[in-house]
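Everything on this sheet refers to the single structure shown next.
The values are calculated or read from the model by the stated rules, or taken from the named source; none is laboratory data. Everything numeric in this text was worked out from a predicted model, so none of it was measured. Because the Cβ atoms are built from the backbone with ideal geometry, glycine has one as well, and the counts that use them run over all protein chains shown. All accessible areas refer to the heavy atoms of the entire protein, side chains included, with ligands and DNA or RNA removed. Shrake-Rupley method; radii C 1.70, N 1.55, O 1.52, S 1.80 Å.
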Amino acid sequence: MEKKVPVITIDGPSGSGKGTICQLLAARLGYHYLDSGALYRLLALAAKRHGVAFDNVESLAVLAAHMDISFRTQDNGDAPRVMLEGEDVSSLIRTESVGTEASLVAAFPEVRTALLQRQRAFAVMPGLVADGRDMGTVVFTDADAKIFLTASPEERAERRYNQLIDKGESVSLAALVERVRKRDERDMNRKVSPMVPAANAILLDSTGMSIDEVLQKVVDHVTANGIDLPQ
Ligand SMILES: Nc1ncnc2c1ncn2[C@@H]1O[C@H](COP(=O)(O)OP(=O)(O)OP(=O)(O)O)[C@@H](O)[C@H]1O
Ligand SMILES: Nc1ccn([C@H]2C[C@H](O)[C@@H](COP(=O)(O)O)O2)c(=O)n1
């Protein structure tokens, strides 16, 4: 019998630290990493470039199923480069506006269905750490360990603020808090695959916790669920 691919899911709102923790965990375990939010961001960018309106559901679904995308793993351990039609768009998809547009196109069931198999294809040996909003509830329901990572909207906005300042972008913290709240609201209240913790996920509130502290809690949960760290 074929061995089941181990999968760990970390879902949660924007800025909760999912990407950071998933990448550190994947590196520790030697697993693959899926940034599912990047797929929705890529779709938003591809739609703009191909002149597809954000309410043209049929064309968005076709684009979601067929867009030419890839993730290029970096030898130095840095985040994978995100490619669209052969172009490195890693920075382009990280803007606040693309995040909002990704949240808009993600609300369509047709788009989510079109991306389902593409996401599941990431589950290959030796294992996968998947980050998103519905990894534990829809995409990998039989995952070995599920975590729902949160932090207060104020702290998440502040993390994003520091990130943008580091990149040399001038932003208002108050505007970011507002944007974080709006995106949470849309992601939590959409009809399909809303952002909710899976019934068998642990809830981890990272407000006031360092990255190392969060990682340790996640590692504890993962090992308690039978996934061993390599020595
Ligand atoms: N526990 C933490 N304490 C302080 N800063 C953190 C913590 N976790 C993550 N960060 C920082 O917060 C920022 C956002 O983190 P990250 O991109 O991992 O969040 P995310 O949940 O993946 O967000 P998104 O869903 O929008 O992609 C990064 O600059 C990261 O270094
Ligand atoms: N599994 C997922 C991942 C992402 N989305 C949507 C909702 C988010 O606001 C947007 C951008 O995601 P991020 O890069 O910030 O993680 O994409 C989703 O609906 N489901």
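One table, with the values for the structure above:
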quantity	calculated
Estimated inter-spin distance, residue 116 and residue 225, nm [label 7 Å along Cα→Cβ]	2.1
Exposure of residue 125 as accessible area (Å², to 10), given a probe of 1.4 Å and all protein chains	90
Cα convex hull of the stretch 71-155 - mean projected area over all directions, nm²	7.6
Of 202, 21, 147, the one that fluctuates the most in a GNM where the chain has Cα springs shorter than 10 Å	202
Label-point separation in nm, residue 56 to residue 91, each point 7 Å along Cα→Cβ	2.9
Percentage of interatomic Cα-Cα distances in the chain larger than 24 Å	43
Surface per residue (accessible, 1.4 Å probe) for the chain, Å²	50
The chain: most fluctuating residue of 186, 156, 28 per GNM, C-alpha cutoff 10 Å	28
Per-residue SASA entry for residue 211, accessible area with 1.4 Å probe, Å² rounded to 10	90
Point-to-point label distance, residue 4-residue 199, nm (Cα→Cβ direction, 7 Å offset)	1.6
Lys pairs under 30 Å by Cα in the chain, provided they are eight or more residues apart or on distinct chains	22
CD proxy at 222 nm, helix term only [per DSSP H run n ≥ 4: -39500 (n - 2.57); per residue of the chain; nearest 500]	-14000 deg cm²/dmol
FRET efficiency for residue 78 and residue 185, using Cβ-Cβ distance with R0 set to 30 Å, rounded to 0.05	0.40
Cα gyration tensor shape for the stretch 106-231, rounded if a/c is under 1.5, else prolate or oblate	oblate
